[in-house]
Amino acid sequence: QVPLVESGGGLVQAGGSLRLSCAASGRTLSSSIMGWFRQAPGKEREFVGNISPSGNITNYADAVKGRFTISRDNYQNTVYLQMNSLKPEDTGVYYCKVYMMGWNWGQGTQVTVST
């Protein structure tokens, strides 16, 4: 019911980088923990990382630790996922999550990493 839009995906070679964005309208995200998840073909959706409301605390799945960075701009009401050193196994649809009542998943953005 609440608009939530992921963007920034695309096709990139292994070793390359992408920056994903998650933007919301209508209500502020500033008080919420935010997360990123992804789903590869034939697999269940998995946790990528999350970030505290202030942006001071982040944590990441082992598979992406050291390569991905989550940040946020509460003034712009946007959360980012910077992905570096991309691998083919990073391919999938990436979704952001609002850890707050009343928010649904967005449509996701496709990330494809070629060899």
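For K87, a cut-off of 17 angstrom between C-alpha atoms picks up these aspartates and glutamates, skipping any fewer than 8 places away in its own chain: E46, D62. Mean sequence separation of contacting Cα pairs (under 8 Å, at least six apart), scaled by the length of region 1-50, corresponds to a relative contact order of 28 percent.
A 1.4 Å probe run over the protein chains yields, for region 67-115, 49 Å² of accessible area per residue, whole-number rounding.
Across region 3-115, the mean sequence separation of Cα contacts (distance under 8 Å, 6 or more residues apart), normalised by length, yields a relative contact order of 37 percent.
Here region 2-18 and region 75-107 have alpha carbon centers that stand 9 Å from each other. Put D73, D62, D90 in order of accessible area, highest first, and with a 1.4 Å probe you get D62, D73, D90.
The values are calculated or read from the model by the stated rules, or taken from the named source; none is laboratory data. Source: prediction; values computed, not measured. For the accessible areas, the whole protein counts, side chains as well, though only heavy atoms, and no ligand, DNA or RNA atoms are used. Shrake-Rupley method; radii C 1.70, N 1.55, O 1.52, S 1.80 Å.
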